[in-house]
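First the structure, in the form of structure tokens, and then the observations on it.
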Amino acid sequence: MDDAARYVNRFEGSASAHGVVQAGEVHGGVHFHQQPHSAPTIVPRQLRGDVRHFVNRSRELTRLGRLVADGRDEPHVVPVTVITGTAGVGKTSLALHWAHSVRPHFPGGELYANLRGYAAGSPAPPETILGRFLEDLGVPSSHVPVERERRETMFRSLLANRRVLVVLDNAADSAQVRPLLPATAGCLVVVTSRDDLSGLVAQQGALRLEVTTLPTTDAVTLLRATTADYRARDRRADLAELARLCAGLPLALRIAAERAAGWPSMPLSELIDDLRDESARWNVLTADAEEGSDAMRSVFEWSYQALPAPAARLFRLLGLHPGNEFGLPAVASLAGAEPPQVRSLLDTLVRAHLLERRPTGRYEFHDLLRAYAAELIHREESEADRTEILGRCLAWYLHTADAAQRAISPYDSYVLDDQISAPAAALSFDQYEPAFRWYRTESANLVTATRVAADAGFPRIAWRLAVVLRAIYMHHNAFDDWGTTARIAVDAATRAGEQAGEAEALENLGKVAFQALRLDEAEGCHQAALAIRRRLGDRHGMAVSINALGLLGLRRRRLDEARSHFADSAEIFRELGDRRWSALMRSNLAETLCELGRPEEAGEIIEQALTDFRELGDRFGEGNALFLLSWARRESGDLEAAGLAINSALSISDEEDNRVWRGHWLVESAKVERARGNPEKALHLCQESAAVQRRLGDAAREAVALDGAGEACQALGRFEEATKLHLRAIAVYRGLDAHWKLAWALEHLASALDHLSEHEPARAARQEALRLLSPMDDPQAVALAQSMARQLSDEA
């Protein structure tokens, strides 16, 4: 295809590697701007509160101050600073204190993320942080792209003309940070890490600041400032000794100061003797410890021993929680106590500086304190008690997630069985919004809880939690978390010896693979699930698996195979009396018939499904049926009926404020308008669809919109513009292995090239399309192949 390849190079211009049209770009006179529903400009203010009694660090603050000086020599290089040092040395305190002092320099706002580089569980994936940043900047969750590269592109685009301060706390390594960097000097990035992040220093030119322990003078100043309201007469020599025992580490100093303030009548020398004894014990136990860690552990133990017994027990119980950050309801479930009582104990731990209070009623461990609590629970609680407590906490997450899925996605939710008892403290949700807020807040803990359940002897909870989360993940593009939990679930269900659970977990993983276009993996999962369900006699499950195989056939354009699967599945659901699934099967059958070129039959079937969806109140089912009805009526030549149907579908997407639905259905509206002789209107509809799909990260549907825009341009006589659009669609289809759509896009390209008298590349495009069509035997594919063959023959 050398001639075509040369022509591609002439026309691609500034096309990206993925054929993506960016918002605001003009390609060949076709302006793909953001249509209505663009994200509003939001100024995030996410910095955590400044620390009290911040002392000195003047050298570090001076060096940081140079980063906001005007007149930078490299306007396209974002300034980055890395604050590094040992655990507990005050890296985050320094970063936040300085960040608050320079807020006026950043009118675009501040973004903050804890990257959890040293927390319980895995570090936060960059794509997860990017997704949250995009939503915090005003991008609706349904518009956040799936692919990490697209999230990076959108993030950089949103910050391109803004001055925003980005604080990335507790980074694990340079690779975790790089995707989170803006691209312009108007922004500034502050990173904290125990690692020296040499990659950022070498490749991004980051300024590295190493934070050391506080000298005695500063440590004494911190102790005196923290205890002044309670112990004004402590001798400087005693304060210096206390600072020495804390190794100059701010975290240890603050905990020690709180202990001293809590005993104002006790001479500081007695408290120091207690800590010195504790320090001696830890020196024996940790002779090879990292510098400062023995002092830190001594202070932790010293403070812990001073807690009232209920607060001390809650502190160690928190060592079993799956994450470093948690809310009151989860802690109440963990402790098996009433929320008011637990809140009081949490406040005690906050006052002792053993926990930090976060906004919206959340609490967080420093990762060193979390590790210490985890050691305590193993030291002071029996294995049986630990198992009971952790099981209660995981069951709380399972049943609260179940309540959330039923509120968020009632028609696609998994029906949770009664094998895992529901804790009395499990939350319930009456509406979508509170359920989704809970999911967003707990999303990281839910992934960690699934992993912990699998690793800690609760495989029955692990696979159920993953399957319960499926409906939420599916409707909110949370493919990263979905894939992680789905893989955990398959192994967990196998170890649990629950064959029905194994089938559910395989189906779950198959759906993830299907969404990612890993079709061979998806087919393997669904075939394995079907085999299990046949052995168990689970007819409902069998029908679900058969339908999934039908969707695979549809995707691969094995239309007879797909139709057979849908018919088999429909028969089972009819026998079971499942009206909604029966309606879904009618929709899938109708789509297959449309692809087979039998629109009249498709129209009859979809009318029945439409009635069912309306009576069931299933808005997505109704809208999708209207979309299919428009397709069928348009192919039958009834453009008036087609227009009414697709306009009704788009009204549903607007009423439900669902961009996923709207973006998909807009292309059908464009096809109707083109058939009516309104190519200009069709072009605008395809533009809007492409913009929506780009935001959603759905490359396949974006390519459909681009190809449709190219057809509209051809109808307008704008063939060079059409060529560029078809080329972009082709680039995407090649990466997705979408042979049927690629063949059509090549034919569209050939048509545009013919109008430009570029006959050799047009011929090459048709030859490639013919090779793609050769394995396909359905009537539409055969007809297209025959048409192309005739054209090639006429040109010979």
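Kindly indicate whether any position in the stretch 375-396 is open to solvent by 60 Å² or more (accessible area, probe 1.4 Å), among the hydroxyl-bearing types (Ser, Thr, Tyr) and under 30 Å from HIS476 (Cα atoms). The answer is no, given that none of the residues of the stretch 375-396 is open to solvent by 60 Å² or more (accessible area, probe 1.4 Å), among the hydroxyl-bearing types (Ser, Thr, Tyr) and under 30 Å from HIS476 (Cα atoms).
Of all positions in the stretch 39-57, none carries a residue that is of a type in the set (A, V, I, L, M, F, W, C), at pLDDT below 60, under 34 Å from the mean Cα position of the chain (by Cα) and loosely packed, with under 12 Cβ neighbours inside 10 Å.
Would you point out which residue out of GLY497, GLY524 is out of contact with any Phe, Trp or Tyr (no Cβ under 7 Å at 6 or more places or on another chain), without any contact (Cβ under 8 Å) to a residue 60 or more places away in the chain and closer than 25 Å to ILE420 by Cα? Selected residue: GLY497, the only one of GLY497, GLY524 that is out of contact with any Phe, Trp or Tyr (no Cβ under 7 Å at 6 or more places or on another chain), without any contact (Cβ under 8 Å) to a residue 60 or more places away in the chain and closer than 25 Å to ILE420 by Cα. Highlighted here are the helices (runs of 4 or more DSSP H) found entirely within the stretch 235-287 that include at least 1 residues which are modelled with pLDDT of 85 or more and touching a Ser or Thr at 6+ places or on another chain (Cβ under 7 Å): 236-245, 250-262. Within the stretch 704-727, at least one residue is farther than 26 Å from ARG558 by Cα and of a type in the set (Lys, Arg). If you go through the stretch 403-451 and keep only what is more than 26 Å from LEU584 (Cα to Cα), part of a loop (DSSP other than H, G, I, E, B) and polar (S, T, N, Q), you end up with GLN419, SER421, SER428. The criterion of being within 29 Å of LEU251 (Cα to Cα), hydroxyl-bearing (Ser, Thr, Tyr) and either modelled with pLDDT of 90 or more or out of contact with any Asp or Glu (no Cβ under 9 Å at 6 or more places or on another chain) (or both) holds for THR360. Of the helices (runs of 4 or more DSSP H) lying entirely inside the stretch 540-629, those carrying at least 1 residues that are among the polar types (S, T, N, Q) and under 32 Å from the mean Cα position of the chain (by Cα) are 579-595.
Consider the stretch 220-247 and keep the residues that are in contact with a helix residue (DSSP H, G or I) (Cβ under 6 Å, 6 or more places away or on another chain) and in contact (Cβ under 8 Å) with a residue 60 or more places away in the chain. The one that is least open to solvent (accessible area, probe 1.4 Å) is LEU222. A search for C-beta distances below 8 Å between a residue of the stretch 779-790 that is touching a residue at least 24 places away in the same chain (Cβ under 8 Å) and any residue that is aromatic (Phe, Trp, Tyr) and in a helix (DSSP H, G or I), counting only pairs 6+ apart in sequence or on different chains, returns ALA781/TRP740; LEU784/TRP744.
Of the candidates VAL201, VAL166, the single residue that is touching a residue at least 24 places away in the same chain (Cβ under 8 Å), part of a strand (DSSP E or B), within 30 Å of GLY88 (Cα to Cα) and not basic (Lys, Arg) is VAL166.
I'd like to know if the stretch 156-174 contains one or more residues that are among the β-branched types (Val, Ile, Thr) and under 30 Å from THR213 (Cβ atoms). Among the residues of the stretch 156-174, at least one is among the β-branched types (Val, Ile, Thr) and under 30 Å from THR213 (Cβ atoms), which makes the answer yes.
For the stretch 62-85, the set of residues classified as over 30 Å from the mean Cα position of the chain (by Cα) and modelled with pLDDT under 85 consists of ARG66, LEU67, VAL68, ALA69, ASP70, GLY71, ARG72, ASP73, GLU74, PRO75, listed by residue number. Look at (1) at pLDDT below 95; (2) outside any helix (DSSP H, G or I) and you find that GLY717 fails only one, number (1).
So which residues in the stretch 96-133 are farther than 19 Å from LEU197 by Cβ, under 11 Å from the mean Cα position of the chain (by Cα) and not polar (S, T, N, Q)?
Scanning the stretch 96-133 gives GLU127, GLY131, ARG132, PHE133.
Could you list, in sequence order, all residues of the stretch 295-334 that are assigned to a loop (DSSP other than H, G, I, E, B), open to solvent by 10 Å² or more (accessible area, probe 1.4 Å) and closer than 21 Å to ALA119 by Cβ?
The answer is ASN324, and nothing else.
Considering the conditions (1) crowded, with 21+ Cβ neighbours inside 10 Å; (2) farther than 26 Å from PRO250 by Cβ, GLU338 is excluded by exactly one of them, (1).
Identify, from the list ALA690, ALA670, ALA700, the residue that is hydrophobic (A, V, I, L, M, F, W, C), open to solvent by 10 Å² or more (accessible area, probe 1.4 Å) and either assigned to a helix (DSSP H, G or I) or modelled with pLDDT under 95 (or both).
ALA700
The values are calculated or read from the model by the stated rules, or taken from the named source; none is laboratory data. Quick caveat: nothing in here was measured; it's all calculated off a predicted structure. Please note: Cβ atoms are built from the backbone with ideal geometry, for glycine as well, and neighbour counts cover all protein chains shown. Ligands, DNA and RNA are stripped out before the accessible areas are found, and what is left, the full protein with its side chains, is counted by its heavy atoms. Shrake-Rupley method; radii C 1.70, N 1.55, O 1.52, S 1.80 Å.
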